[in-house]
Amino acid sequence: MIRTEEMTISMGPQHPATHGVLRFIVKTDGEVLHEVKPDVGYLHRSMEKIAEKVGYISFQPYTDRIDYVCAMTCNHAYAMAVEKAAGISAPERAEYLRVIASELNRISSHLIMAGVMAMDIGAFTPFIHAIRERETVNDLFEMLCGARLTYNYVRIGGVSFDAPANFKEKCVEFLNHFEPIIDEFNRLISFNKIYVERLANVGVVSREDAIAYNLVGPNLRGSGVRFDVRKDIPYSIYPKIDFNVPVGIGEAGKVGDCYDRYMIRIREMKESCKIVRQALEQMPEGEIMAKVPRKIKPPVTEVYSRCESARGDMGFYLVSDGTDKPYRLKIRTGSFSAMSIVEKIAPGLMIADLVAFISSLDVVAPEVDR
Amino acid sequence: MIKEKFTFAEEVKPQAGGGWYLVPADKIVEVCKTLRDDYKFDCLSCLTGIDLVDYFEVVYHLFSYSEKKPLVLKVKLEKQSSTMPSVSAIWPSANWMEREVFDLLGIKFENHPDLRRIMLPEDWAGHPLQKSYKEPEEYCGMSTKR
Amino acid sequence: MLTLYKQLPNFILTTKLDELLNWCRKSSVWYMLFATACCGIELMQTGGPRCDWDRFGAVPRSTPRQSDLMIIAGTISYKMAVCTRRLYDQMPDPKYVIAMGSCANCGGLFKHSYSVLKGIDKVMPVDIYVPGCPPRPEALTDGLLKLQEKMQKEKFLRS
């Protein structure tokens, strides 16, 4: 008699394929998953309570650490929320610098995603290629603000430093170098038959599920919903810039599978290059910082501001009571909701597919836990 | 539109901008179901709680992807009971968000499929986002001081 | 430590057994692929093509049972501290710990936090502290070289 038994495995928190410290309690029958329960909170750093303690200006460096892979957009989202509450508006040059920095950071974030995903699937070389390109982006950020990972560049009311004299040339040089690299990367891994077979038709998230589970950003667009905060709730200087929003069309299998989510990010890197080029061309001369009081005291109000980070719609819900510290700051992030869908989609997949599915969602642990 | 449909919902429009509807706690499931089915609010983008010392406030940020418009609902909650119905049957994304609110603020949601702590360990004492929260001296033998 | 006798035929090398063992160990420091937060990205960059830790014989391993060195890269919450100690206990002796970044050193930016462990040295012994938030790859490499110096000086055969 052959008898099969359900097996319970704890995957994580230290596991090479669970980006950072995520844990899954997995019930399997052989290779097939029956139930997956994500266990998060291993990196809960109590950002929301810290915001209530340290005040508006001092909280700015903490926003870097919410999503360290794409810190610029976090900075930007927080600065936008406080500016909206306090009625400050940043000068135009600062807005351009913010967008350039955000888009460069989006490129470096998607590079990490593409590289790490390939590594999770089992190919190590693309990871090294991605990291190599990322170093060049980091050099640009070093020129801009002196930091490599946690920038604290976008400040309330503007940006901390103006671009140095040769920034534009260096940036264009990088873009000229990088755009062919995307095609090279595609030839190397994206169109590789084994890679496509591993990702196509795996972890299909339907359009309805994506919306109901509150997926955002590339994950939502991978399921075929054409929604991008930069286009649909425009902010900063995005209305002046011409770019496309790639959506999943099911090129290798069904719409909303892992391959769609992966390809969205590859395409977004190209769009980001386009945005940076245009922003560099249009950038005016002028001030980079608005007049901001030493202690920001917004009136009694509440704002909910949304910004498109590399992991999608990032929301800061700010409740102010008229003092120099926020009364309540809720950070709504894309990874948190992306993790909650794992419970729904994973049953029926293979264990190896779970790894591909998680990396295709591009979750970053501190963004889940905050 | 919502005002005519739900006469019990109170519209609040502060001078500083924004605005929300104040809904009684026992009516929230009914309101949310109607909003999703008849008004195309297909996404609950943010659910959070605020400790306002005298009472709790639970805030729902809804979003409609087809019409691209937001809506804010609020529920006032007495501190004594701090229990309200869950909306996780309407939007599955509410499941984890309500767990987070329960974990950090101590608001209990009725009819929730799996109301456990999400961020903090199971044996943690207290709900840290409450304004009256005091940090413990140690956890599992580890000192919390530097 | 090594003395080269060129005058002798076939170049004989003489050394002490202790030092030879230490030299072997320090030239193959396998570190655990374990990162909790922001510093993890810098750890990846350090292992990447520009800084290239393979030069020093340091390669990542994904399991604690095969690794000599644990780099605490990032914030450790109380929930994670319990697991981190378990990982440390699984590593075979002799084992080393580098605390990378302010969070692992002392809690750093998160000293106001209710859920963050203020310094990994509360739960395990630390050999090298690398400051920075996050440390640059150069700083981390310096930490590794300092650790190698320390390993070279060890006298565990005679103890």
Within region A:248-300, trypsin sites (Lys or Arg not before Pro) in DSSP loop having at most 11 other beta-carbon neighbours inside 10 Å: A:Lys291, A:Arg294, A:Lys295
Computed P(r) (all Cα pairs; region C:29-153; 5 Å bins; percent): 2, 12, 23, 26, 21, 11, 4, 1, 0
When you look at the Cβ of every residue in B:37-49, what mean number of other chain Cβ atoms sits within 10 Å? 4
If one takes the accessible area of chain A alone plus chain C alone and subtracts that of the pair, with a 1.4 Å probe, what total in Å², rounded to the nearest 100, results? 3200
per DSSP, antiparallel bridges as share of beta bridges in the protein assembly as shown, % nearest 5, sits at 75
Quick one: work out the % antiparallel among DSSP beta bridges in chain C, nearest 5. 25
With the full set of protein chains in place, find how many percent of the accessible area of region B:2-143 is carbon and sulfur; take the probe as 1.4 Å. 49
Need the per-residue list for region A:175-213: every residue with at least 20 Å² less accessible surface in the complex of protein chains than in the chain by itself, probe 1.4 Å, sorted by number. A:Ile211, A:Ala212, A:Tyr213
Expected output for region A:307-329, residues with a loss of 40 Å² or more in accessible area relative to the chain alone at probe 1.4 Å, reads A:Tyr317, A:Tyr327, A:Arg328
Per-peptide average of other Cβ atoms within 10 Å, ordering A:45-51, A:62-68 highest first: A:62-68, A:45-51
Shielding of A:20-31 by other chains, given as the mean Cβ count within 10 Å, works out to 2
Can you order the peptides A:247-253, A:70-76, A:218-224 by their average number of other Cβ atoms within 10 Å per residue, highest first? A:70-76, A:218-224, A:247-253
Starting from 0 in steps of 10 Å, tell me what percent of the Cα-Cα pairs of the protein assembly as shown lands in each bin. 3, 15, 25, 27, 18, 8, 3, 1, 0, 0, 0
Which FRET efficiency value, to the nearest 0.05, do you get for A:Asp324 and C:Thr14 by plugging their Cβ-Cβ distance into 1/(1 + (r/R0)^6) with R0 = 60 Å? 0.30
For the pairing of chain B with chain C, what total accessible surface becomes buried, with a 1.4 angstrom probe, in square angstrom to the nearest 100? 1200
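Computed on protein heavy atoms with a 1.4 Å probe, what is the summed buried accessible area for the chain pair A and B, in Å² to the nearest 100? Don't skip to the answer; put the middle values down first.
Numbers: alone 15200 and 8850 Å², together 20900 Å².
Summed over both sides, the interface buries about 3100 Å².
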Relative contact order for region A:59-341: what percent, with Cα pairs under 8 Å and sequence separation of 6 or more? 26
Return one whole number: the accessible area per residue of region C:29-153 in Å², for a 1.4 Å probe. 34
List for region C:116-133: residues with 30 Å² or greater reduction in accessible area, all protein chains versus chain alone, probe 1.4 Å? C:Lys118, C:Lys122, C:Cys133
Could you look at chain A and say what percent of its accessible area is carbon and sulfur, using a 1.4 Å probe and all protein chains? 54
Could you report region A:137-237's accessible area per residue, 1.4 Å probe, as an integer in Å²? 39
Residue by residue, what Karplus-based ³J(HN,Hα) values in Hz, rounded to whole numbers, does region A:40-48 have, using 6.51, -1.76 and 1.60 with θ = phi - 60° and x for Gly and Pro? 10, x, 6, 10, 6, 10, 6, 4, 5
Of the accessible area of region C:29-153, computed with a 1.4 Å probe and all protein chains kept, carbon and sulfur make up a percent value of 54
Pop a pseudo-label 7 angstrom from the Cα along the beta-carbon direction at both A:Thr4 and C:Thr63 and give the gap in nm to one decimal. 2.5
Using a probe radius of 1.4 Å on heavy atoms only, what accessible surface per residue do you get for region B:74-116? Whole Å² is fine. 36
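In the structure displayed, which of A:Lys84/B:Lys40; A:Lys240/A:Lys325; A:Lys49/B:Lys74; A:Lys53/C:Lys118; A:Lys84/B:Lys74; B:Lys5/B:Lys74 lie more than 24 Å apart, Cα to Cα?
Values: A:Lys84/B:Lys40 28 Å; A:Lys240/A:Lys325 34 Å; A:Lys49/B:Lys74 21 Å; A:Lys53/C:Lys118 18 Å; A:Lys84/B:Lys74 21 Å; B:Lys5/B:Lys74 17 Å.
Listed pairs above 24 Å: A:Lys84/B:Lys40; A:Lys240/A:Lys325.
The values are calculated or read from the model by the stated rules, or taken from the named source; none is laboratory data. Please read all numbers here as calculations on a predicted model, not as lab measurements. Note that we place each Cβ from the backbone using ideal geometry, even for glycine, and neighbour counts take in every protein chain shown. Surface accessibility is based on the protein's heavy atoms, side chains included, excluding ligands, DNA and RNA. Shrake-Rupley method; radii C 1.70, N 1.55, O 1.52, S 1.80 Å.
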